[in-house]
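S.K.: Quick one: the structure is below, questions incoming.
The values are calculated or read from the model by the stated rules, or taken from the named source; none is laboratory data. Note that the coordinates shown come from a computational prediction; the quantities given were computed from them, not determined experimentally. Here the Cβ positions follow ideal geometry from the backbone for every residue, glycine too, while neighbour counts run over all protein chains shown. Surface areas here come from the heavy atoms of the whole protein model, side chains and all, with no ligands, DNA or RNA. Shrake-Rupley method; radii C 1.70, N 1.55, O 1.52, S 1.80 Å.
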Amino acid sequence: ERTSEIEAKKMEITSSIEYAGRIQKAILPVEDHFRESFADYFILYKPRDIVSGDFYWIGEDDKSIFFTVADCTGHGVPGAFMSAMGISTLHEIIAHSRNLQANKVLNLLRNKIVKALHQTGKTGEMADGMDIAFCILSKDRKTMQFSGAFNPLIIVQAGEFREYKGDRMPIGIHHGKENIFTNYKIDVNRGDTIFLFSDGFASQFGGPDGAKYKKANFKDLLTRIYFKPMIEQRNILEMELENWKGTMNQIDDVTILGLRI
């Protein structure tokens with residue numbers, strides 16, 4: 001008798017989370033936006049659970065294209081709430097400000113998230129927030145800005161691989177001084193390839209020894225495939241993840257955004 005009651009509860013909860021998953025998919029930007037803004041692109045988005053704490057986003061104003069990949073603390077339902085908040089806050093920032101710099105967007109996002117979560121920085125308080133890589137591409141496709149909270153940007157220009165590291169502070173409260181995020185200005189050309197990603201791929205356990213995939217291997221893989229058509233890169237990454245994972249469970253949300261200018 002108890003079991004059937006638990007089963008029924010579980011089904012109810014699962015179907016409600018599945019519905020939340022549909023809403024979350026609807027909040028994420030439509031792929032057409034990437035298709036219209038870039039020469040080629042791919043999105044690899046694999047939530048660990050039905051809903052995800054990772055999100056990707058793209059927006060624009062008259063001068064710029066804004067795009068990002070973010071990773072909220074937690075996965076599943078709490079992560080999904082945070083990611084919905086992140087997306088709506090970014091919409092709001094872009095709609096109400098002009099001449100934004102990438103780091104200014106992150107400073108604003110941090111203030112709004114800290115306020116919304118009533119974070120005060122007291123010890124023992126939930127340290128919720130997000131890691132993010134945020135870019136602004138000028139519509140003439142000549143310059144790009146990048147700012148990051150923990151998450152980096154990888155850009156390949158004329159075969160040369162560059163990594164711009166994010167600042168070591170989250171979007172959210174953290175113990176330490178409230179510093180301004182760093183803004184990088186990068187000259188770009190058509191044909192340059194850009195990667196933004198959460199740490200989910202690199203932290204996946206698997207392989208022959210059940211070890212972490214590791215960031216160095218992930219970057220190494222990107223250097224071997226970046227010149228291929230984007231859809232092919234996506235398939236290679238997805239296969240690599242599946243093969244590495246083997247019979248083990250996925251441990252985190254995985255999001256990788258590949259873009260070609």
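S.K.: Look at region 237-261 and say how many of its residues are in a strand (DSSP E or B) and β-branched (Val, Ile, Thr).
M.R.: Within region 237-261, the first condition is being in a strand (DSSP E or B), and the residues that meet it are 254-260.
Applying the additional criterion that residues be β-branched (Val, Ile, Thr) yields 254-256.
Qualifying residue count for the region: 3.
S.K.: Looking only at region 59-66, decide whether some residue is outside any loop (DSSP other than H, G, I, E, B), more than 18 Å from the chain's Cα centre (by Cα) and more than 16 Å from Asp253 (Cα to Cα). Quick ask: steps written out before the conclusion?
M.R.: To start, the set of residues in region 59-66 that are outside any loop (DSSP other than H, G, I, E, B) comprises 59-60, 64-66.
Subsequent filtering for residues that are more than 18 Å from the chain's Cα centre (by Cα) retains 64.
Checking which are more than 16 Å from Asp253 (Cα to Cα) leaves us with 64.
Yes, that holds for at least one residue.
S.K.: Counting just the residues of region 112-130 that are of a type in the set (Val, Ile, Thr) and in contact with a Gly (Cβ under 7 Å, 6 or more places away or on another chain), which one comes out surrounded by the most Cβ atoms within 10 Å (Cβ to Cβ)?
M.R.: Residue satisfying both the conditions and the ranking: Ile113.
S.K.: Here is a follow-up. Quick check on region 16-44: of everything there that is hydrophobic (A, V, I, L, M, F, W, C) and assigned to a helix (DSSP H, G or I), which residue is least open to solvent (accessible area, probe 1.4 Å)? So that I can check it myself, show each step before the final result.
M.R.: Of the residues in region 16-44, the ones hydrophobic (A, V, I, L, M, F, W, C) are 17, 20, 23, 26-28, 30, 34, 38-39, 42-44.
Next, from what is left, pick out any that are assigned to a helix (DSSP H, G or I): 17, 20, 23, 26-27, 34.
Values: Ile17: 43, Ala20: 44, Ile23: 86, Ala26: 82, Ile27: 67, Phe34: 0 Å².
Top of the filtered list is Phe34.
S.K.: Are there any pairs with C-beta distances below 8 angstrom linking a residue in region 245-261 that is under 12 Å from Gly207 (Cα atoms) to a residue that is surrounded by 15 or more Cβ atoms within 10 Å (Cβ to Cβ) and of a type in the set (A, V, I, L, M, F, W, C), with the two at least 6 apart or on different chains, and if so which?
M.R.: Lys245/Phe205; Met248/Phe205
S.K.: Looking only at region 96-111, count how many residues are of a type in the set (D, E, K, R) and either at pLDDT 95 or above or surrounded by 22 or more Cβ atoms within 10 Å (Cβ to Cβ) (or both). Break it down into steps so the answer makes sense when it comes.
M.R.: Start the filter on region 96-111 by keeping residues that are of a type in the set (D, E, K, R), which leaves 98, 104, 110.
Pick out the ones that are also either at pLDDT 95 or above or surrounded by 22 or more Cβ atoms within 10 Å (Cβ to Cβ) (or both) and you get 104, 110.
Matching residues across region 96-111 total 2.
S.K.: Which condition does Phe81 not pass, out of (1) closer than 27 Å to His174 by Cβ; (2) in contact (Cβ under 8 Å) with a residue 60 or more places away in the chain, if it passes all the others?
M.R.: In the conditions (1) closer than 27 Å to His174 by Cβ; (2) in contact (Cβ under 8 Å) with a residue 60 or more places away in the chain, Phe81 misses (2) alone.
S.K.: So, one more: Could you list, ordered by first residue, the pairs with Cβ atoms under 7 Å in which the first is in region 2-20 and among the hydrophobic types (A, V, I, L, M, F, W, C) and the second is open to solvent by less than 60 Å² (accessible area, probe 1.4 Å) and not in a helix (DSSP H, G or I), at least 6 apart or interchain?
M.R.: Ile17/Val51; Ala20/Val51
S.K.: Can you tell me which residue among Val69, Val51 is touching a Leu at 6+ places or on another chain (Cβ under 9 Å), β-branched (Val, Ile, Thr), touching a residue at least 12 places away in the same chain (Cβ under 8 Å) and buried (at least 17 other Cβ atoms within 10 Å of the Cβ)? Let's see the steps before the verdict.
M.R.: Values: Val51 fails: touching a Leu at 6+ places or on another chain (Cβ under 9 Å).
Within the list Val69, Val51, the selection yields Val69.
S.K.: Filter region 152-168 down to residues that are of a type outside the set (Val, Ile, Thr), out of contact with any Cys (no Cβ under 8 Å at 6 or more places or on another chain) and crowded, with 21+ Cβ neighbours inside 10 Å, then give me how many there are.
M.R.: Kept after step one, since they are of a type outside the set (Val, Ile, Thr), are these residues of region 152-168: 152-153, 157-168.
Imposing the further condition that a residue be out of contact with any Cys (no Cβ under 8 Å at 6 or more places or on another chain) reduces the set to 152, 157-168.
Now drop any that are not crowded, with 21+ Cβ neighbours inside 10 Å, which leaves 166.
Going through region 152-168 one residue at a time, the tally reaches 1.
S.K.: Moving on. Any residue that is among the hydroxyl-bearing types (Ser, Thr, Tyr) and open to solvent by 60 Å² or more (accessible area, probe 1.4 Å) - is there at least one of those in region 83-95? Steps first, please.
M.R.: Within region 83-95, the subset among the hydroxyl-bearing types (Ser, Thr, Tyr) is 83, 88-89.
Narrowing further to those that are open to solvent by 60 Å² or more (accessible area, probe 1.4 Å): 88.
Checked against the condition, which is being among the hydroxyl-bearing types (Ser, Thr, Tyr) and open to solvent by 60 Å² or more (accessible area, probe 1.4 Å), region 83-95 yields at least one hit.
S.K.: Run down Arg224, Arg234 and say which single residue is within 24 Å of Ser83 (Cα to Cα) and assigned to a helix (DSSP H, G or I). I'd like the intermediate steps shown before the answer.
M.R.: On the way: Arg224 fails: within 24 Å of Ser83 (Cα to Cα).
Only one candidate qualifies: Arg234.
S.K.: Which residue, of Ile136, Ile154, is of a type outside the set (Ser, Thr, Tyr), in contact with a strand residue (DSSP E or B) (Cβ under 8 Å, 6 or more places away or on another chain), farther than 27 Å from Asp62 by Cβ and not in a helix (DSSP H, G or I)? I'd like the intermediate steps shown before the answer.
M.R.: Values: Ile136 fails: farther than 27 Å from Asp62 by Cβ.
None of the others qualify; the one that does is Ile154.
S.K.: Select from region 1-48 the residues that are basic (Lys, Arg) and over 27 Å from Arg190 (Cβ atoms) and write down the one among them that is modelled with the lowest pLDDT.
M.R.: First, the residues of region 1-48 that are basic (Lys, Arg): 2, 9-10, 22, 25, 35, 46, 48.
When the remaining residues are screened for being over 27 Å from Arg190 (Cβ atoms), the result is 2, 9-10, 22, 25, 46, 48.
Values: Arg2: 85, Lys9: 93, Lys10: 93, Arg22: 95, Lys25: 94, Lys46: 96, Arg48: 95.
By that ranking, first place goes to Arg2.
S.K.: Follow-up question, since we're still on this one. Identify all residues within region 184-201 that are surrounded by 16 or more Cβ atoms within 10 Å (Cβ to Cβ) and part of a loop (DSSP other than H, G, I, E, B); write none if there are none.
M.R.: Scanning region 184-201 gives Val188, Asp192, Ser198, Asp199, Gly200, Phe201.
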